[in-house]
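I have placed the structure first, in the form of structure tokens, so that the comments after it can refer back to it.
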Amino acid sequence: MAAEIHSRPQSSRPVLLSKIEGHQDAVTAALLIPKEDGVITASEDRTIRVWLKRDSGQYWPSIYHTMASPCSAMAYHHDSRRIFVGQDNGAVMEFHVSEDFNKMNFIKTYPAHQNRVTAIIFSLATEWVISTGHDKCVSWMCTRSGNMLGRHFSTSWTSCLQYDFDTQYAFVGDCSGQISLLKLEQSSCSVITTLKGHEGSVACLWWDPIQRLLFSGASDNSVIMWDIGGRKGRTLLLQGHHDRVQSLCYLQLTRQLVSCSSDGGIAVWNMDVSREEAPQWLESDSCQKCEQPFFWNIKQMWDTKTLGLRQWESPRNDTDTWLTLEQHEGQRCSPPRRG
């Protein structure tokens, strides 16, 4: 349960400061308590724990609560000290934490979903709790009455959620690789647009309301930045992870994006650096930049004497063809996607 505390790093590279141990299964959420030396965690081991830093410099659980079902998602609102926990059985439970963070009282249960809850957001202004789940729907409920206000169903599992509190727009990622922009009303919902760009299921989203940028991470090992506020459809593709991206956090003060992948990799992206915009995917048999045919376009390869490369020039080595394919498939020449 104790945490190792190290001195703060002097270099620009990330350095481990502390490590909290104690859960018996995967940790599904870990949230810092603002203005406190504390962390709230939820886990598949069915427990919610509040960890406070003691005089010894170690973190110990001041609250240990066991749920009826594995905890799959969590949201915390610091001003009202309310915790919302989504569970594997589809329910969302609300708790209130005492001022000293040593006691947690149950408030109510929301029948949000028919399957695992994947994300939760609480809006104090509207008194809504918004959630997504593996039942392919987005739900929003009134925290005053506990009643369901509305639901929007997707064609696949909804996996992640972000919300703009000023406009009541919700960004919903799903397992098909799409991101839906929804306008939530008191009892209705309208689809504004759908963002398409990922080749795998969208695992995480992060919305920056100041610059109006949306970041998405997916199982295709990539991160995409969507310039929503620019209104020009500008996107940036960030590649560097070797496994699926599962968590994102944008630091507004330093303009840095932190992304984590399932292989334990952590990447820090400097978003002030000028980057080339990601090309739009188009249906074509040739590269958009170099105009060379792709390997499935046999006729044009034959006509332009580029079939296999080896038949028309002396090969440098046995990897010539693979280098060409890798060049296109790696998007160095901005290739279109084959349907």
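The values are calculated or read from the model by the stated rules, or taken from the named source; none is laboratory data. In this text, all values refer to a predicted model and were calculated from it rather than measured experimentally. So basically every Cβ, Gly included, is an ideal-geometry build from the backbone, and we count neighbours across all protein chains shown.
A few remarks follow.
- Across region 177-220, the number of residues qualifying as in a loop (DSSP other than H, G, I, E, B) and either over 19 Å from Ser131 (Cβ atoms) or modelled with pLDDT of 95 or more (or both) comes to 12.
- Screening Leu236 with (1) under 24 Å from Thr155 (Cα atoms); (2) touching a strand residue (DSSP E or B) at 6+ places or on another chain (Cβ under 8 Å) gives one miss only, at (1).
- Any chance Ser247 is at pLDDT 95 or above, assigned to a strand (DSSP E or B) and surrounded by fewer than 17 Cβ atoms within 10 Å (Cβ to Cβ): yes
This table checks each residue for (1) touching a His at 6+ places or on another chain (Cβ under 9 Å); (2) outside any loop (DSSP other than H, G, I, E, B); (3) not aliphatic (A, V, I, L, M).
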residue: Ala125; (1), (2), (3): no, no, no
residue: Val129; (1), (2), (3): no, yes, no
residue: Asp135; (1), (2), (3): yes, no, yes
residue: Gly150; (1), (2), (3): no, yes, yes
residue: Cys160; (1), (2), (3): no, yes, yes
residue: Thr167; (1), (2), (3): no, no, yes
residue: Gly173; (1), (2), (3): yes, yes, yes
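- Residue ID - nearest to Trp140 (Cα to Cα), chosen from residues in region 69-121 that are in a loop (DSSP other than H, G, I, E, B) and hydrophobic (A, V, I, L, M, F, W, C): Ala112
- Meets criteria (surrounded by fewer than 18 Cβ atoms within 10 Å (Cβ to Cβ) and under 19 Å from Thr132 (Cα atoms)) for Asn102: no
- Answer residue from region 53-68, given it is within 27 Å of the chain's Cα centre (by Cα) and among the aliphatic types (A, V, I, L, M) and is farthest from Leu17 (Cα to Cα) among those: Ala68
- Complete set of residues in region 108-146 that are of a type in the set (Val, Ile, Thr) and surrounded by fewer than 15 Cβ atoms within 10 Å (Cβ to Cβ): Thr109
- Scanning region 24-44 for residues that are of a type outside the set (A, V, I, L, M, F, W, C) and assigned to a strand (DSSP E or B) returns Thr28, Gly38, Thr41, Ser43.
- Entry remark, region 179-199: residues being farther than 17 Å from Thr235 by Cα and under 18 Å from the mean Cα position of the chain (by Cα) number 1 in total.
- The residues listed here are Gly150, Gly133; of these, the one that is farther than 24 Å from Cys71 by Cβ and touching a residue at least 12 places away in the same chain (Cβ under 8 Å) is Gly150.
- Single residue of Ile63, Ile48, Ile130, Ile107 found to be at pLDDT 95 or above, out of contact with any helix residue (DSSP H, G or I) (no Cβ under 7 Å at 6 or more places or on another chain) and closer than 30 Å to Ser176 by Cα: Ile130
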